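Colleague: Mind looking over this structure? Questions follow.
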Number of protein chains: 4
Amino acid sequence: MKYLFRNDYSFGAHPKVMDAVCAVNLEGNWGYGDDQYTARAKDRIREVCGCPDAMVEFLIGGTQTNVVACSFLLKPWEAAICPDSGHLNGHEVGAFEATGHKILTVPATPEGKITPDMLPPLLELHQDPHLTKPGLVYISNSTENGAVYTKAELTALSEFCHKNGLLLFADGARLGAALTSDANDLTLPEFAHLVDAFYIGGTKNGAMFGEALVITRPELTDGFFRMKKRMGAVMEKGWIQGVTFLTLFEDDLYFKMARQGNEMAARLQNGLKAKGWTLWVESPTNQVFAVIPNQVKPKVDEVCDCEVWCPYDESHTVIRFVTCFHTTQADVDGLLAALPNL
Amino acid sequence: MKYLFRNDYSFGAHPKVMDAVCAVNLEGNWGYGDDQYTARAKDRIREVCGCPDAMVEFLIGGTQTNVVACSFLLKPWEAAICPDSGHLNGHEVGAFEATGHKILTVPATPEGKITPDMLPPLLELHQDPHLTKPGLVYISNSTENGAVYTKAELTALSEFCHKNGLLLFADGARLGAALTSDANDLTLPEFAHLVDAFYIGGTKNGAMFGEALVITRPELTDGFFRMKKRMGAVMEKGWIQGVTFLTLFEDDLYFKMARQGNEMAARLQNGLKAKGWTLWVESPTNQVFAVIPNQVKPKVDEVCDCEVWCPYDESHTVIRFVTCFHTTQADVDGLLAALPNL
Amino acid sequence: MKYLFRNDYSFGAHPKVMDAVCAVNLEGNWGYGDDQYTARAKDRIREVCGCPDAMVEFLIGGTQTNVVACSFLLKPWEAAICPDSGHLNGHEVGAFEATGHKILTVPATPEGKITPDMLPPLLELHQDPHLTKPGLVYISNSTENGAVYTKAELTALSEFCHKNGLLLFADGARLGAALTSDANDLTLPEFAHLVDAFYIGGTKNGAMFGEALVITRPELTDGFFRMKKRMGAVMEKGWIQGVTFLTLFEDDLYFKMARQGNEMAARLQNGLKAKGWTLWVESPTNQVFAVIPNQVKPKVDEVCDCEVWCPYDESHTVIRFVTCFHTTQADVDGLLAALPNL
Amino acid sequence: MKYLFRNDYSFGAHPKVMDAVCAVNLEGNWGYGDDQYTARAKDRIREVCGCPDAMVEFLIGGTQTNVVACSFLLKPWEAAICPDSGHLNGHEVGAFEATGHKILTVPATPEGKITPDMLPPLLELHQDPHLTKPGLVYISNSTENGAVYTKAELTALSEFCHKNGLLLFADGARLGAALTSDANDLTLPEFAHLVDAFYIGGTKNGAMFGEALVITRPELTDGFFRMKKRMGAVMEKGWIQGVTFLTLFEDDLYFKMARQGNEMAARLQNGLKAKGWTLWVESPTNQVFAVIPNQVKPKVDEVCDCEVWCPYDESHTVIRFVTCFHTTQADVDGLLAALPNL
């Protein structure tokens, strides 16, 4: 059996989450999120975010959450600014455009970030009413490349956005990994207050599925439930999401799991370097990117499942290893032992 | 604690389904439905449907499945013909229109059905190219009112559709209830061959969530996965759906559960009649509709959770009780004992 | 050559309009409506409407104007309430649904109107957040059946809408005919103040093309130009629309033409009655509806072009004659002479 | 009065077009393009294109035509490949995305073209079903930068597209300028056969408005009229478009006008060079691009209306002069005399 480092949704839920879901399975609850667990989970998330007035709504997956949230926050003629490497842009089969909105890409930093200095020319150009109006900036934290926004970076971006009439939306599919990274200096409440909306990703950190969308500004939330329903995103047995997030935010489980993923990634990253491997980027979170000679790829494939990220040059390829709450030291050490030195 | 007859998604999954999901939870599987359980579940569904060439794809909930499937099957300028009482029309916050398609309603029979004789005037009118082109007929089985299509009825409708260039799509949110009803004379393969596409509803019959969309004509299926992804309907941990449907279609579990719901509904329906209650319709499936004087409503509410279906007249209301796999004889008898005679 | 009573867009523009357009044809003007004629025409329309703060924008045709305006005024999850006979519902190939919005139909009065008493049950039902939220009421004046709203009727509807958080939108494709009808008791400014948005139809009253959309409440207008452009509705040589509307609203030409159409329709209607014809409705504007035995239809077709409106019963058909600014007494008398007595 | 070189839609229609439209103005014709002029114009266009089986449909403006045509030709999950400088991408307020489709941009050549070698990596990447499927390639001829595709270039691109399952669509807003350019070696029939769909732009070459969309492959055209209507693009008085295009393609008027624009542009371009001006690109059609020091801009503005195209560097700006059928030698020589030497 091969080591499975393909992604952080290769395993199901943390056992505590499964237990909690099983415990209420036949209890009987009202549908569509109109149950006590969902209500309590929303309260708990408002609490951990330090946003007592925020709207919290549960959705099912990342693409759905990005699309429902961003199209909800924009007027039809407004566009989302997105790093060219952003998931919203590249990996969702045009799901966002399917809601009728344009994406305006900016070339991301090597870390996959947007910085405020990228935006003025784009805003200047789009003052022309024959062009879309930029309405929000989409970022992810951690980014597609595993990097995290520092407090200084996010503050600068947030201030720029708010001075320029832009909303700031953060894709938090891997928010746990970001906020527990050694490179992070933001608390969850600080993060929540710097953005206008974000989601706390469950799928990639210990849930069977489920993302908690937080819109921190109540004046932006009117009509959200109907928008969610209109996009087929309301679960009938919504209490599963409620119970899941209640469990994730009890006893720090969400962050404990994320830390485990990060630590295992760091161990793997260090181990690869010790074996003479070249990293594509130095990642402080649970994704590890390595540049390997093409001819080494078959050997890697024998040993483990991981993903080809992108071509590097004619003779090299970037591959990605992802860890998660379920990755153990033994997994990492076993993988390292099995991989060739370079 | 009140009796819970609110709907068939008030309880979670059948214990066998939960056990199966838990059993593979930390096994490690590829995401997005690219796993062995999903593959086997698709094969099993093709087998039980007698459609070896059908496309089977798993989605998450009913609204999503209706919307993804019907918008996939239509050209942009084509409309869905739908009974005015159909879920697609009335209960999905315009989710189908959100994909850019018009719904053409026809007044349903009291049972919630469409019959072929309703359609020629509508088709005649819509030959005018300044009007939408009817592209498919949407029905549900069982219907919103709990009725089931007979073989004769469905054959007539299917033949009419195919003679007139219309696809026939069946919303099978409660397909289990329909096919195990005493009023049913269709096998699943017969049903599958009479329609062009349908879904086997998991959410309302023993799954945590999940619907199995079946498109019986392979020539209609090109590009479906991208359409599904584009609409945010691809689960990352897709094997949960695979394991769920594998379990549902092992040992006849899906139909056993549906039979249980139907039997409990029949018991309840008979019991209500014995207590002098008036039925709104005589239902052969797991939904029971009663007409009650408005002043009786508070007493009913004390005893159980059920739904107000619609006003009947100024002094009466239609209420709905729904049973499911988890409803026991004791629940029904207890409810009957607690409800007032009328 | 047959008499042409097919519709009010069978003839081009009033000669004064053509002359004015020709006069500026090679003058040179900035595109996209950024020219002096457009600016002056907007001012003139604000003046005749008594709405100094209104937004006026020119569009090209009726369907486009309805769709751009109504989708602009609604949130994605909001629906338009429309009489079942309304143009938005029946005759636009789902153009409005193509923008992602549902239409909620109410059965119109025989005159094609909506009255406030029709709306409470629909509003009550749609408080359920699993259903679309009604956001505006769409009416037409004159209606599809040629009727006009009285001041009392429109006031009542307007008050109802505004008490219930609904916008009121009027399709004014035939607004000239309505406001110059003997049945009308509304001035244009009174009309303008009772609705939130409407358009003054040029195409059906003496323009080559062009509709003037008026949104009377400035707080609703932000972003409109981009919305219009996004829907392909901005003309490059926009001054043609400006010059057209300047001419239409100079010297009362717009209303003079409409009066001519109405008078010719009245003459025709009276003449038909004198010949023993049965009217479908008694129309006070420029559309005349007659019920004829089916076997008379070929004779009518020999004599003139007119439209089949709808079947009446098995042996009778409703046909429609439409007059316009270009219809003369000689046309009407000639047609009457040529048609058979009934 | 300033010289007007702002664009090729600053003047109305050629006098012959206006005369023809005026001549039939009050003749009486059926609406929606169901008239003899439209029928004859379609035949004439099929004839000049050498495509006897092509579908020809008239639309109103360029953005509308691009959007209706491209969204008609694609499945919902398919994307258009577009040069980053393409009009569809940059200048239409997301009108194409509003139909639910993604645009995949490729960096255009300095001339604004797409070459086949740009496409394989994009196609390779998009074999992944989690990404949109590229469905067509959008080009413009002449391009946004005034360049024209040679026969060799277009043949290579066409062959690449057809080998790779892509449709090739050409935006012909300035097709007249392209095909009458000295740099052109394509006949209209050759051009028509190399692409799958294109439009012959009227608005920018002597029409009041109107574009003739040609889909050369009849098997792709089913349902087009409804799509056009659904997008608000059907003119009620459609015969105006018919008469316009009949006139444009009588006696070579369309190409005569385009030649005049090109010749005047060449004269201007040569004149600017003689005055020491730097061209941004050497343009063979009716758009002339010059790089000027920023401080010269106010002087240019005194003399003429032209457009700022883009910044060049910190101290220079690219401006664009556009000529058309109505530009005379006197206009060009007058402008040249009035502009400063550089």
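Colleague: Going by the structure shown, is A:Thr180 within 13 Å of chain D (Cβ to nearest Cβ), open to solvent by 10 Å² or more (accessible area, probe 1.4 Å) and within 24 Å of A:Ile215 (Cβ to Cβ)?
Modeller: no
Colleague: Output yes when any residue across the stretch C:236-243 is more than 20 Å from C:Ser142 (Cα to Cα), aliphatic (A, V, I, L, M), touching a residue at least 60 places away in the same chain (Cβ under 8 Å) and crowded, with 19+ Cβ neighbours inside 10 Å, and no when none is.
Modeller: Yes, the stretch C:236-243 contains at least one residue that is more than 20 Å from C:Ser142 (Cα to Cα), aliphatic (A, V, I, L, M), touching a residue at least 60 places away in the same chain (Cβ under 8 Å) and crowded, with 19+ Cβ neighbours inside 10 Å.
Colleague: Quick one: D:Pro121 ticks every box in (1) open to solvent by less than 30 Å² (accessible area, probe 1.4 Å); (2) more than 8 Å from every other protein chain (Cβ to nearest Cβ); (3) farther than 21 Å from A:Pro76 by Cα except a single one, so which number is it?
Modeller: (1)
Colleague: Further question: Please work out which one of (1) modelled with pLDDT of 95 or more; (2) open to solvent by less than 40 Å² (accessible area, probe 1.4 Å) is the condition B:Pro107 fails and give its number.
Modeller: So the condition that B:Pro107 fails would be (2).
Colleague: Shifting gears a bit: Cβ-Cβ under 9 Å, sequence separation 6+ or interchain: first residue in the stretch C:328-342 and closer than 17 Å to C:Pro293 by Cβ, partner crowded, with 18+ Cβ neighbours inside 10 Å and small (Gly, Ala, Ser). Which pairs?
Modeller: C:Leu342/C:Ala290
Colleague: Please work out which residue is surrounded by the fewest Cβ atoms within 10 Å (Cβ to Cβ), limiting yourself to the stretch C:149-167 and to residues that are of a type in the set (A, V, I, L, M) and closer than 27 Å to C:Lys256 by Cα.
Modeller: Ranking the qualifying residues of the stretch C:149-167, first place goes to C:Ala152.
Yes/no matrix, rows are residues, columns are (1) of a type in the set (A, V, I, L, M); (2) closer than 20 Å to A:Met235 by Cβ; (3) in contact with a strand residue (DSSP E or B) (Cβ under 6 Å, 6 or more places away or on another chain):
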| residue | (1), (2), (3) |
| --- | --- |
| B:Phe160 | no, no, no |
| B:Gly165 | no, no, no |
| B:Asp171 | no, yes, yes |
| B:Gly176 | no, yes, no |
| B:Ser181 | no, no, no |
| B:Pro189 | no, no, no |
| B:Phe198 | no, no, yes |
| B:Lys204 | no, yes, no |
| B:Ala212 | yes, yes, yes |
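Colleague: With the condition being open to solvent by 60 Å² or more (accessible area, probe 1.4 Å) and of a type outside the set (D, E, K, R), I'd like the strands (runs of 3 or more DSSP E) fully within the stretch A:258-342 carrying at least 2 qualifying residues.
Modeller: Fully inside the stretch A:258-342 and qualifying: A:278-281, A:307-313.
Colleague: Return yes when D:Glu211 is away from every other protein chain (no Cβ under 14 Å) and acidic (Asp, Glu) and no when it is not.
Modeller: no
Colleague: Please name all residue pairs, on different chains or six or more residues apart, with Cβ atoms under 6 Å, provided the first residue is in the stretch A:253-273 and is among the hydroxyl-bearing types (Ser, Thr, Tyr) and the second residue is modelled with pLDDT of 95 or more and open to solvent by less than 10 Å² (accessible area, probe 1.4 Å).
Modeller: Listed by first residue and then by second, the contacts come to A:Tyr254/A:Gly176; A:Tyr254/A:Leu248.
Colleague: Among (1) on the phi > 0 side of the Ramachandran plot; (2) touching a helix residue (DSSP H, G or I) at 6+ places or on another chain (Cβ under 7 Å); (3) in contact (Cβ under 8 Å) with a residue 12 or more places away in the chain, where does A:Gly112 come up short?
Modeller: (2)
Colleague: Next question. Is it the case that the stretch D:30-38 has a residue that's out of contact with any helix residue (DSSP H, G or I) (no Cβ under 9 Å at 6 or more places or on another chain), within 14 Å of chain C (Cβ to nearest Cβ) and of a type in the set (A, V, I, L, M, F, W, C)?
Modeller: no
Colleague: Answer yes or no as to whether C:Lys237 is assigned to a helix (DSSP H, G or I) and among the charged types (D, E, K, R).
Modeller: Taking the combined requirement at face value, the residue does not satisfy it.
Colleague: To continue, here is another question. Filter the stretch D:17-28 down to residues that are in a helix (DSSP H, G or I) and over 22 Å from the mean Cα position of the chain (by Cα) and give me whichever is farthest from the other protein chains (Cβ to nearest Cβ).
Modeller: D:Ala20
Colleague: Another question, then. Would you check which residues across the stretch B:294-309 are of a type in the set (D, E, K, R) and within 14 Å of chain A (Cβ to nearest Cβ) and list them?
Modeller: B:Asp301, B:Asp305, B:Glu307, listed by residue number.
Colleague: Here's a follow-up. Which one of B:Gly12, B:Gly62, B:Gly31, B:Gly90 is open to solvent by less than 40 Å² (accessible area, probe 1.4 Å) and either closer than 23 Å to D:Arg230 by Cβ or over 20 Å from the mean Cα position of the chain (by Cα) (or both)?
Modeller: Exactly one of B:Gly12, B:Gly62, B:Gly31, B:Gly90 is open to solvent by less than 40 Å² (accessible area, probe 1.4 Å) and either closer than 23 Å to D:Arg230 by Cβ or over 20 Å from the mean Cα position of the chain (by Cα) (or both), namely B:Gly31.
Colleague: Do we have any residue at all in the stretch A:137-144 that's part of a loop (DSSP other than H, G, I, E, B), at positive phi and open to solvent by less than 10 Å² (accessible area, probe 1.4 Å)?
Modeller: The answer is no; no qualifying residue exists.
Colleague: In this structure, is C:Asp84 at pLDDT below 95 and out of contact with any Lys or Arg (no Cβ under 6 Å at 6 or more places or on another chain)?
Modeller: Against the criterion (at pLDDT below 95 and out of contact with any Lys or Arg (no Cβ under 6 Å at 6 or more places or on another chain)), C:Asp84 qualifies.
Colleague: Something else: C:Lys237: within 23 Å of C:Ala98 (Cβ to Cβ) and charged (D, E, K, R), yes or no?
Modeller: It is false that C:Lys237 is within 23 Å of C:Ala98 (Cβ to Cβ) and charged (D, E, K, R).
Colleague: OK, next. Just to verify a result, which residue in the stretch A:221-232, among those that are in a loop (DSSP other than H, G, I, E, B) and at the interface with chain B (Cβ under 7 Å from one of its Cβ atoms), is most open to solvent (accessible area, probe 1.4 Å)?
Modeller: A:Met231
Colleague: Could you please let me know if A:Glu47 is within 12 Å of chain B (Cβ to nearest Cβ) and surrounded by fewer than 24 Cβ atoms within 10 Å (Cβ to Cβ)?
Modeller: So A:Glu47 does not fit the description; no.
Colleague: Out of curiosity, is C:Ala79 farther than 21 Å from C:Leu175 by Cα, facing another protein chain (nearest Cβ under 9 Å), in contact (Cβ under 8 Å) with a residue 12 or more places away in the chain and open to solvent by 20 Å² or more (accessible area, probe 1.4 Å)?
Modeller: Answer is no for this residue.
Colleague: While we're on this one: Collect the residues in the stretch D:51-76 that are over 21 Å from A:Ala79 (Cβ atoms) and more than 9 Å from chain C (Cβ to nearest Cβ), keeping them in residue-number order.
Modeller: If the condition is that a residue be over 21 Å from A:Ala79 (Cβ atoms) and more than 9 Å from chain C (Cβ to nearest Cβ), then D:Cys51, D:Pro52, D:Asp53, D:Ala54, D:Met55, D:Val56, D:Glu57, D:Phe58, D:Ala69, D:Phe72, D:Leu73, D:Lys75 are the ones that fit.
The values are calculated or read from the model by the stated rules, or taken from the named source; none is laboratory data. Source: prediction; values computed, not measured. For neighbour counting, all protein chains shown are included, and Cβ atoms are generated from backbone atoms with ideal geometry for every residue, glycine included. The protein model used for the area step is the full one, side chains on, heavy atoms only, and it has no ligands, DNA or RNA in it. Shrake-Rupley method; radii C 1.70, N 1.55, O 1.52, S 1.80 Å.
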